[in-house]
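Below is one structure; the comments refer to it alone.
The values are calculated or read from the model by the stated rules, or taken from the named source; none is laboratory data. Note that the structure is a prediction, hence the values are computed from the model and not measured. Positions of Cβ are generated from backbone atoms using ideal geometry, with glycine treated the same way; all protein chains shown enter the neighbour counts.
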Amino acid sequence: MPHLNDLWSEIAKTRKDVQFYAVNIGDEKDVIADYWKEGGFAFPPVRQKEGEVSKAFGVNAYPTNYVIGPDGKVLWRAVGFDPKALEEALAKTAKKKQ
Amino acid sequence: MFTVFLWMLLAATPEPPPPRPDDEAAKKRFEQLVERFRRSEGLDVIGKVAQKMSMDGQDFELGQKGITHLARPLHGRVTIGQVNEQFELPPQVIIADGESVYMLDTESKQAQVLGSNLWVPFPSLELCQAWIDPKADLHAEKTELASEGELEKLTVTFGSGAVETYWLKGETLERAQSVQTHGDQKMEATFTFEKFVLTEKVDLKRYAESLPEGYEISDPMAELEADLLAVGSEVPDISVTTMQDESLSLRSLSGKTVLLNFWFYH
């Protein structure tokens, strides 16, 4: 999560159209809250009922990352954490600089 | 007041000693060696390694024999036989068929996909990074050159903390040693080579290896990704729960680029 938070800090500087959510599976609410407070992460954690969101997205391994485009469609997804690939996926929806 | 203090601090800092001529020679020799690895397509090695590991106050020893017959990009075979008194391990066979790298399990006849990057498990030296990826930056922090009998002895300290020593006879590596220390864990590997040949231009056909017959390909990564939604598919009509116990529909987020990171703590 610290690495993802670093990426978020970078992206949040220039992109107001991007939002990160950390979709938790299986942890108690206070465990998540403590971890978040301790780490000082700047994007929100969210929870799910009985793994239904993981199931809907076909997630079998953690971490898995999805990037959803502004059109509400899956733009990119991968198991594991590859910051470079993730950044490239997010850059696809960046407005071109003048 | 502050200026005076800073001036005193600067005055107290010793100047770095100028590089000695022999350091320059060592640096140059190492750069030459790296350049040779970068330029070469083929790597042919036959050798043995004796490994000593200290972990949590326990010592392990491991002996391996290795044959490397590889060419960039992605051709060839590496066989590593384990000779060990503490563990009995089957030999490892890794082949590259031009597109992917596979590890063969000779018992179950499975070829596990290791990806599409060439990595050389034998010899496992930082120096070989220059062969695997000619663009790799090796970060040598310190180099020393000496002679030992008819051999040149080049010792390199890498930014990663690994210290490697190469005994060279002309352009041939006769022996090498690698020492890595992480906290109280120490790993020492001593390689002796029967053959160490770098070839600049190779005939890839001579190196080509295809999967042996009867092998089934297993791709653990693909299995983990098998159920994921396809790129281009609509976000499921589902909601997550915020830390304020509010329901947040994922479809309500459209208009934004959203990253969903699936994770757990325990």
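More than 8 Å from chain B (Cβ to nearest Cβ) and under 12 Å from the mean Cα position of the chain (by Cα): which single residue out of A:Pro63, A:Pro83 fits that description? Let's see the steps before the verdict.
Details: A:Pro63 fails: more than 8 Å from chain B (Cβ to nearest Cβ).
From the options A:Pro63, A:Pro83, the qualifying one is A:Pro83.
For the range A:15-31, a tally of residues being free of Cβ contacts under 8 Å to residues at least 24 places away in the same chain and of a type in the set (Val, Ile, Thr) returns 1.
Being loosely packed, with under 15 Cβ neighbours inside 10 Å and within 12 Å of B:Phe262 (Cβ to Cβ) is the requirement here; does A:Gly51 meet it? The answer is yes for A:Gly51. Residue pairs whose Cβ atoms lie under 8 Å apart, separated by 6 or more positions or on different chains, with the first residue in the range B:102-116 and in contact (Cβ under 8 Å) with a residue 12 or more places away in the chain and β-branched (Val, Ile, Thr) and the second in a strand (DSSP E or B) and surrounded by 15 or more Cβ atoms within 10 Å (Cβ to Cβ), are B:Thr106/B:Val93; B:Val113/B:Val101; B:Val113/B:Tyr102; B:Val113/B:Ser218.
The set of residues in the range A:1-35 being basic (Lys, Arg) and in contact with a strand residue (DSSP E or B) (Cβ under 8 Å, 6 or more places away or on another chain) consists of A:Arg15, A:Lys29.
Kindly establish whether A:Tyr21 is under 13 Å from the mean Cα position of the chain (by Cα), facing chain B (nearest Cβ under 7 Å) and hydroxyl-bearing (Ser, Thr, Tyr). Spell out the reasoning first.
Details: under 13 Å from the mean Cα position of the chain (by Cα): yes; facing chain B (nearest Cβ under 7 Å): yes; hydroxyl-bearing (Ser, Thr, Tyr): yes.
Spelling it out, A:Tyr21 is indeed under 13 Å from the mean Cα position of the chain (by Cα), facing chain B (nearest Cβ under 7 Å) and hydroxyl-bearing (Ser, Thr, Tyr).
Listed by position, the strands (runs of 3 or more DSSP E) contained in the range B:154-266 that have at least 2 residues being in contact (Cβ under 8 Å) with a residue 60 or more places away in the chain and more than 14 Å from chain A (Cβ to nearest Cβ) are B:163-169, B:185-199, B:216-218. Taking the conditions (1) modelled with pLDDT under 95; (2) more than 7 Å from chain B (Cβ to nearest Cβ); (3) surrounded by fewer than 19 Cβ atoms within 10 Å (Cβ to Cβ) in turn, A:Ile11 satisfies each one other than (3).
Name the residue that is modelled with the highest pLDDT, counting only residues in the range B:116-153 that are hydrophobic (A, V, I, L, M, F, W, C) and in a loop (DSSP other than H, G, I, E, B). Out of the qualifying residues, it is B:Leu125.
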